[in-house]
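Right, one structure below, let's go through it.
The values are calculated or read from the model by the stated rules, or taken from the named source; none is laboratory data. Just so we're clear, the structure is a prediction, and the values are computed from it rather than from any experiment. No Cβ is skipped: glycine too gets one built from the backbone with ideal geometry, and neighbour counts run over all protein chains shown. Remember, those area values only see protein heavy atoms, side chains included, never the ligands or the DNA or RNA. Shrake-Rupley method; radii C 1.70, N 1.55, O 1.52, S 1.80 Å.
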Amino acid sequence: MNFVSKAAATVAVGLWGTLAQAADEVTLQLKWVTQAQFAGYYVALDKGFYEEEGLDVTIKPGGPDIAPTQVLAGGGADVTVEWMPAALSAREKGLPMVNIAQPFKSSGMMLTCRKDAGISSTDDFKGKTLGVWFFGNEFPFLSWMAQLGIPTEGGADGVEVLKQGFNVDPLLQQQAACVSTMTYNEYWQVIDAGLSPDDLQVFKYEDQGVATLEDGLYVLEDNLSDPAFEDKMVRFVRASMKGWKYAEENPDEAADIVLENDASGAQTEKHQRRMMGEIAKLTAGSNGALVEADYERTVASLLAGGSDPVISKAPEGAWTHRITDQALN
């Protein structure tokens, strides 16, 4: 190698080292385990979209024993994926979470019921046992029951709430007439277990007018006062939405990328590709900016909780367009 080539190589290595050191670290906490529900972030990582923005992003999977709000509160993540009911409840209790972007436009939450349990309409809920997820996921259900005027303490005119694990066993074993499911996940577990769509009566929260916003990106309010942090989030959201739109347009490839990042090895190609197809329906129509009307609908639903609403008053400062205005324009 001649002197000029050596000099050029030395400069190149020096520049690369400087760029590598300059990458800003961002830790993202997911709401659940590695699956196509979070494909946009894994795609952004795999395709180098974060790297192009000068970011070194670590994605931390969630799980049944991981509460994203607690991880955020404890400083274990810079930004987290969370459902708005849990975020607003946490905010009212003193954890100042702020929605900085909303990649999901629609809700995937459903109540899936067995027709042979006598369920054909919401009027048939009374006197039945319904499976409900907790750890913050119960809030939309409780608001819905309050709006229907159905008590959740049991009895002939109420419903018995079964604290459901993150599976559909209570429905399959006929311990509950209905269970909580997502359009992209647990519903298909029911189908794969042998029940057909004709055996089931499905109530989508979106169709019932009680849908609340899911899978938004949240940070702590105090961190937004730091210009450097704000700048990181602008770049993070821009790259993440690029990842989400790529995933929408290339669902099979996105599912494969998710599988490559599944350290547990628990996911299958069939399930992840099917999930990604359903997820694409929920992110469609969102450019990442929260729609205020969707936020107001969520708040109204949470306030309609009867004597025990999810939140006691409309929150202030729970969302901002500061990040998306810069990231998307």
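List of remarks:
- Test for Leu282: is it open to solvent by less than 30 Å² (accessible area, probe 1.4 Å), part of a helix (DSSP H, G or I) and under 19 Å from Leu213 (Cβ atoms): yes
- The strands (runs of 3 or more DSSP E) falling completely within segment 148-264 that include 1 or more residues that are without any contact (Cβ under 8 Å) to a residue 40 or more places away in the chain and not hydroxyl-bearing (Ser, Thr, Tyr) map to 160-163.
- A single member of Gly265, Gly317, Gly277 is small (Gly, Ala, Ser), surrounded by fewer than 13 Cβ atoms within 10 Å (Cβ to Cβ) and modelled with pLDDT of 95 or more, and it is Gly317.
- Restricting attention to segment 79-104, the residues that are in contact (Cβ under 8 Å) with a residue 60 or more places away in the chain, farther than 29 Å from Leu195 by Cβ and either of a type outside the set (Asp, Glu) or open to solvent by less than 20 Å² (accessible area, probe 1.4 Å) (or both) add up to 18.
- Tallying residues that are among the aliphatic types (A, V, I, L, M) and buried (at least 21 other Cβ atoms within 10 Å of the Cβ) within segment 214-262 yields 11.
Here is a yes/no grid of residues against (1) within 25 Å of Val81 (Cα to Cα); (2) out of contact with any helix residue (DSSP H, G or I) (no Cβ under 8 Å at 6 or more places or on another chain); (3) surrounded by 15 or more Cβ atoms within 10 Å (Cβ to Cβ):
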{"position": "Gly155", "(1), (2), (3)": "no, yes, no"}
{"position": "Gly165", "(1), (2), (3)": "yes, yes, no"}
{"position": "Gln175", "(1), (2), (3)": "no, no, no"}
{"position": "Ala193", "(1), (2), (3)": "no, no, no"}
{"position": "Asp199", "(1), (2), (3)": "no, no, no"}
{"position": "Thr212", "(1), (2), (3)": "yes, no, yes"}
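- Of the residues making up segment 62-78, those that are in contact (Cβ under 8 Å) with a residue 60 or more places away in the chain and either outside any helix (DSSP H, G or I) or on the phi > 0 side of the Ramachandran plot (or both) number 3.
- Among the candidates Lys232, Lys270, the residue that is touching a strand residue (DSSP E or B) at 6+ places or on another chain (Cβ under 6 Å) and basic (Lys, Arg) is uniquely Lys232.
- Scanning segment 113-127 for residues that are surrounded by fewer than 20 Cβ atoms within 10 Å (Cβ to Cβ) and assigned to a loop (DSSP other than H, G, I, E, B) returns Gly118, Ser120, Ser121, Lys126, Gly127.
- Taken over segment 128-152, the criterion of being open to solvent by less than 30 Å² (accessible area, probe 1.4 Å) and not polar (S, T, N, Q) is satisfied by Leu130, Gly131, Val132, Trp133, Gly136, Glu138, Pro140, Phe141, Trp144, Met145, Ile150.
- Looking across segment 79-101, just one residue is among the hydroxyl-bearing types (Ser, Thr, Tyr) and outside any helix (DSSP H, G or I), and that is Thr80.
- Residue match in segment 52-62 (condition: open to solvent by 20 Å² or more (accessible area, probe 1.4 Å) and at pLDDT below 95): no
- Picking from residues in segment 285-312 that are without any contact (Cβ under 8 Å) to a residue 40 or more places away in the chain and not hydrophobic (A, V, I, L, M, F, W, C), the one that is surrounded by the fewest Cβ atoms within 10 Å (Cβ to Cβ) is Ser307.
- Qualifying residue in segment 102-112 (condition: closer than 20 Å to Pro315 by Cα and outside any loop (DSSP other than H, G, I, E, B)): yes
- Sole residue being within 30 Å of Val291 (Cβ to Cβ) and among the hydrophobic types (A, V, I, L, M, F, W, C), chosen from Ala176, Ala247, Ala193: Ala247
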